[in-house]
Amino acid sequence: MKIRTFRNAIITGVLCTALVIPSFAQAADIQPISETELEIVPISYKINHWAEPHIDQLLQKFNVASVFENKNLNAPATLEDFKNLVRQVIDEEYDDVPDAMTREAVVHKLTELWAEKTGKDLESIVTIQMLVYEDMDKIDAKYSHGIVIAYLHDIAKGKGSGIFDPKSHITYGELGALINNTHKAIEKELRTAEKAAEEGIFETRGSYTVEDGKVVFDFQLVNNSDEKKTLMFGSGQQFEITITDEKGTEVYRYSDGKFFTMALIFKDIDPGESLKWQDAWDMTNKDGEKAGPGKYRAEIEILVIQEEGQEPIDESQLKTVIDFELE
């Protein structure tokens with residue numbers, strides 16, 4: 001079923017709107033009509049609501065006709081229809097709803113869905129105090145981070161002119177656009193991550209030696225691409241090493257008892273070059289005793305913070321494992 005099958009049902013609501021009703025994702029495409037003109041407009045008159053392209057794309061791919069049929073696209077959307085759309089388009093087992101059907105609550109909930117479906121920890125994504133809307137001060141603090149992430153990933157772009165209007169109720173047109181944008185953002189992120197994993201832009205390599213009663217680890221992050229890369233670290237700690245014994249018990253962690261500078265640090269790596277580090281374990285476990293003979297495993301992770309808007313790095317490229325044995 002195409003959107004044109006219910007356009008006539010939304011004419012009244014469209015005609016009574018303001019000159020422009022912008023989208024979360026794009027500007028509106030509505031032609032204003034006066035009350036006088038309304039009296040002589042034939043029933044077949046074509047009106048282009050800004051959200052129709054989004055909804056038409058959903059109708060072509062998903063069974064969402066029952067949500068939009070006979071709906072005024074400028075009418076407030078319901079929690080039940082939010083859940084129905086998410087189930088049809090993003091997650092068929094979805095059983096949650098936003099705190100409210102306001103712009104801020106809905107966008108934040110969709111951003112949580114995007115993070116869940118792409119395997120990201122939403123709270124750990126760095127946005128570096130971005131002020132993307134003039135009315136950011138009106139957004140509830142618990143939603144602001146998610147709304148910035150939504151902006152960066154083209155899930156929601158506000159109402160235009162730098163305004164987000166967080167407390168307004170979501171309309172059916174806006175909900176359709178947001179669901180469509182979220183679906184596209186998830187697909188894009190998954191494709192990009194898959195491509196990055198296949199290309200193997202970075203590679204973490206490591207080796208060890210036993211000398212002077214210590215296990216010395218040398219490791220590096222190699223840039224396998226043909227471009228210079230800039231990496232960001234969230235503090236003076238640029239790596240973590242965790243050593244476990246044969247039973248899986250942790251006997252050493254590099255960061256234990258250490259303090260690091262709390263500042264963003266940027267490092268450049270030229271094509272084919274690498275960043276190198278070294279750490280030494282004195283073979284003393286967490287109880288202060290010398291580790292006995294046996295097999296051990298050192299897991300090394302480079303603590304790069306992946307910036308929004310930049311080419312993602314597959315996490316496997318930032319880790320390596322070294323198995324070794326003490327006699």
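Structure above, values below:
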quantity: Selection from the range 58-90 of residues that are in a helix (DSSP H, G or I), of a type outside the set (D, E, K, R) and either crowded, with 16+ Cβ neighbours inside 10 Å or not assigned by TED's automatic domain parsing to the domain that holds Leu178 (or both); calculated: Leu58, Leu59, Ala65, Val67, Phe68, Phe82, Asn84, Leu85, Val86, Gln88, Val89
quantity: All positions within the range 216-262 that are over 28 Å from the mean Cα position of the chain (by Cα) and hydrophobic (A, V, I, L, M, F, W, C); calculated: Val216, Phe217, Phe219, Ile243, Val251, Phe259
quantity: Lone unmet requirement of (1) over 30 Å from Asn70 (Cα atoms); (2) surrounded by 22 or more Cβ atoms within 10 Å (Cβ to Cβ); (3) among the hydroxyl-bearing types (Ser, Thr, Tyr) for Thr171; calculated: (1)
quantity: Subset of the range 282-327 [modelled with pLDDT under 95, small (Gly, Ala, Ser) and not in a loop (DSSP other than H, G, I, E, B)]; calculated: Gly294, Ser316
quantity: When residues of the range 268-320 are limited to those that are among the basic types (Lys, Arg) and over 22 Å from the mean Cα position of the chain (by Cα), the one surrounded by the most Cβ atoms within 10 Å (Cβ to Cβ); calculated: Arg297
quantity: Any hit, the range 181-196, residues being over 21 Å from the mean Cα position of the chain (by Cα), at pLDDT 95 or above and assigned to a helix (DSSP H, G or I); calculated: no
quantity: Counted residues, the range 94-118 - those being at pLDDT 95 or above, surrounded by fewer than 18 Cβ atoms within 10 Å (Cβ to Cβ) and of a type in the set (A, V, I, L, M, F, W, C); calculated: 1
quantity: Residues satisfying the stated conditions in the range 119-153, i.e. part of a loop (DSSP other than H, G, I, E, B), within 23 Å of Glu315 (Cα to Cα) and modelled with pLDDT of 90 or more; calculated: His153
quantity: Criterion: over 15 Å from Pro312 (Cα atoms), in a loop (DSSP other than H, G, I, E, B) and either in contact with a helix residue (DSSP H, G or I) (Cβ under 7 Å, 6 or more places away or on another chain) or among the charged types (D, E, K, R) (or both) - qualifying residue of Asp218, Asp226; calculated: Asp226
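Yes/no matrix, rows are residues, columns are (1) closer than 18 Å to Thr320 by Cβ; (2) at pLDDT 95 or above; (3) assigned to a strand (DSSP E or B):
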| site | (1), (2), (3) |
| --- | --- |
| Met232 | no, no, yes |
| Gly236 | no, no, no |
| Glu240 | yes, yes, yes |
| Ile243 | yes, yes, yes |
| Lys247 | no, no, no |
| Tyr252 | yes, yes, yes |
| Lys258 | no, no, no |
| Met262 | no, no, no |
| Asp268 | no, no, yes |
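The values are calculated or read from the model by the stated rules, or taken from the named source; none is laboratory data. As the structure is a prediction and not an experimental result, all values here were calculated from the model. Methodologically, a virtual Cβ is constructed for each residue, glycine included, from the backbone with ideal geometry; neighbour enumeration extends over all protein chains shown.
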